[in-house]
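No value in this document is a laboratory result; all are computed from the given coordinates. This structure is a prediction, so every number in the text was calculated from the model and none was measured. Heads up, the Cβs are rebuilt from the backbone with ideal geometry, glycines too, and the neighbour counts pull from every protein chain shown.
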């Protein structure tokens with residue numbers, strides 16, 4: 001017997017963006033009655049719970065507090081994953097967000113009565129509005145190159161990284177032009193026999209202070225893409241990599257000397273620009289992630305540009321659906337703002353017709 005539950009709003013995902021949205025929903029709705037938060041992860045913490053143990057508060061690109069509760073400030077050498085997972089768990093308890101996990105959302109469809117049907121492995125929820133905050137962690141991006149399947153060594157993605165010691169004495173090619181690639185190279189280099197860096201474009205280094213004006217400019221560039229229905233680029237791709245003293249020293253030492261990305265891969269390693277083979281034991285794909293939106297496919301939200309046309313957090317083609325932690329809000333600061341903005345618009349949407357939540361048992 002399947003329970004079909006009716007709520008006003010379903011939030012999918014309990015990372016930074018999902019919890020920020022839930023916080024603002026809690027201030028509007030009665031506890032446990034008119035919205036539900038569904039999370040695929042086994043524990044609180046969003047993607048933070050899966051981060052590698054050497055990612056500490058000193059090396060992390062940024063941690064930003066959730067609305068209404070300060071983030072802990074441990075020793076800079078403390079790994080991020082455990083502290084932030086505990087912080088998220090306490091946040092859920094403190095604000096009585098009642099996140100349901102683990103729940104896998106299979107699909108979201110539109111019903112004839114104008115509401116949304118959210119089908120999961122633990123039943124179905126019927127809602128008048130949806131806040132999608134699924135992030136990117138469960139969809140790592142693996143580029144494809146001719147001959148890649150013939151490579152005799154190991155290939156892994158950032159999502160599988162557990163620490164630099166597993167590369168002891170090995171020759172490692174790191175592929176990717178973002179901050180994760182830089183962090184991996186800095187960690188792996190002291191352990192490896194050799195490291196090589198490959199990027200599709202020359203790295204974009206950011207010198208000087210990253211002030212609010214530069215931040216707004218970067219977010220505006222990403223917003224422009226999603227407003228036109230193009231696939232969003234990451235905010236870091238337009239802000240650049242900060243030139244910290246450690247990164248500057250690594251550049252001067254030749255550790256962060258980028259090579260143009262290869263066109264094909266042989267069993268022994270990548271084929272470089274001059275046609276020679278660079279022998280390596282590992283190809284490490286620090287190539288980022290893509291938005292986890294497959295469950296929204298039945299709504300046919302994607303346009304001809306390959307992305308979803310957005311108006312703020314709202315999908316332009318469907319005002320019932322909001323994407324937070326997507327495009328310009330795919331950062332901790334942006335996620336908080338997006339959660340608040342989405343709830344503001346959903347409140348306006350829900351006042352247009354009287355709610356009628358109830359539980360229906362289907363035999």
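Summary of computed values
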read-out	value
Spin-label pair residue 78/residue 257, simplified geometry with 7 Å Cα→Cβ offset, distance in nm	4.0
The stretch 97-161-the stretch 270-330 distance, computed between alpha-carbon centres (Å)	12
Radius of gyration and maximum dimension Dmax of the stretch 88-149, Cα, Å	17.1, 52
Calculated FRET value between residue 349 and residue 100, using beta carbons and R₀ = 30 Å, to 0.05	0.80
As computed over the stretch 31-129, the Cα convex hull volume per residue (Å³)	120
Spin-label model distance (nm) - residue 93 vs residue 139, 7 Å beyond Cα toward Cβ	3.4
√(5λ) per eigenvalue of the Cα gyration tensor, the stretch 116-164, largest first, Å	37, 14, 11
Spin-label zone in the stretch 96-125 - amide nitrogen under 14 Å from a point set 7 Å from the Cα of residue 297 along the C-beta vector	106-109
Ranked by how many other beta carbons lie within 10 Å on average, peptides 315-321, 257-263, 283-289, 129-135 from highest	129-135, 283-289, 315-321, 257-263
